[in-house]
Structures are given as structure tokens and as C-alpha cells.
Amino acid sequence: MRAADVTGGRFLLVDPDRRRTMSTEPNPRFELRRVTSIKWLIEDLSLPESHPERVVAHVYEVDDLEYDVVWLRDLGLAEHFMCPSDVLDAVIDRVTAPRLPAARRPIPIPHLPPIRERILA
């Protein structure tokens, strides 16, 4: 694991051997944890361990540069990534992105008659 994988102090990465964790924030929200040699979990640490939505996604290694994701929350993100830390970055970006305001009626545009009618009038 590289220190460069931790960006912005927004999350926690856990080494595969679970002996040490890397964090630049005292209370990170998400954790990328390696479970087996080809499987990772992304967990939401703001929820208790018994909460059914604590695990956000399962990440599986397909080959060296391809990882498939099974989303357990509907975040509208891709199902294929190049590395597990990219999946974590996508989750963080989606969760911390500002929400769009609710849809509203369009702003009315004043209507002018066609030029020919304006000239003749």
C-alpha cells in the first residue's frame, strides 16, 4: 500500500495484513479493507457494525488492472475500476458532492412575434 493512496485526509486505508492503518483524519468516514487476496470491502464507519448499510461495496480483482464492484448502496457509480482506491475515491466524491437543488419550473422567456409581423405592424 502506498501513502499516495490516502488523499485529502478523507478516508482510511487498511493494510492487507490489518497490522496498521493509515489515516490523515482523526475520524474517517470510509474504510477500504482487504478481506482476501482478491476481495475488498468499503465500509461506512459512521454506522454501527450491526447496521445493514455499513458495507457500501464489495470490490473483486478480475486482473491486475481491472476490479469489479458489487454495490450494496445505490450510488449510481460504475461497476468497473482500475484499482480499489479508485472505488473508494468515487464513493467519497459522490457522498461529499454538493446536492443539486430540487427541480423547478423553467424561467419563462418573453415571446416576440416574428420579424415580418413586427415590421408590418
> How compact and how long is segment 40-121, expressed as Rg and Dmax of its alpha-carbon atoms in Å?
Replying inline: 23.8, 76
> Got the relative contact order for segment 35-91 handy, in percent, Cα pairs under 8 Å and 6 or more residues apart?
Replying inline: 25
>> Taking all protein chains in place and a 1.4 Å probe, what share, in percent, of the accessible surface of segment 41-114 do carbon and sulfur account for?
In response: 59
>> Amide H of A57 versus every other amide H placed in the peptide plane: which residues, excluding those fewer than 5 positions away on the same chain, fall under 5 Å?
In response: I42, L72
> Tell me, what ³J(HN,Hα) does each residue in segment 61-74 have, in order and in whole Hz, if you take phi through Karplus 6.51 cos²θ - 1.76 cosθ + 1.60 with θ = phi - 60° and put x for Gly and Pro?
Replying inline: 7, 8, 8, 4, 10, 9, 10, 9, 10, 10, 7, 9, 10, 7
>> What are the ³J(HN,Hα) couplings of segment 101-112, residue after residue, when phi is run through the Karplus curve with 6.51, -1.76, 1.60 and θ = phi - 60°? Round to Hz, x for glycine and proline.
In response: x, 4, 4, 9, 5, x, 6, x, 9, x, 9, 10
>> Under 5 Å between amide hydrogens, which residues at least 5 positions from L75 or on another chain qualify, with H placed 1.01 Å from N in the peptide plane?
In response: none
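The values are calculated or read from the model by the stated rules, or taken from the named source; none is laboratory data. All values reported here derive from a predicted model rather than from experimental measurement. Heads up: the accessible areas ignore ligands, DNA and RNA and are worked out on the full protein's heavy atoms, side chains in. Shrake-Rupley method; radii C 1.70, N 1.55, O 1.52, S 1.80 Å.
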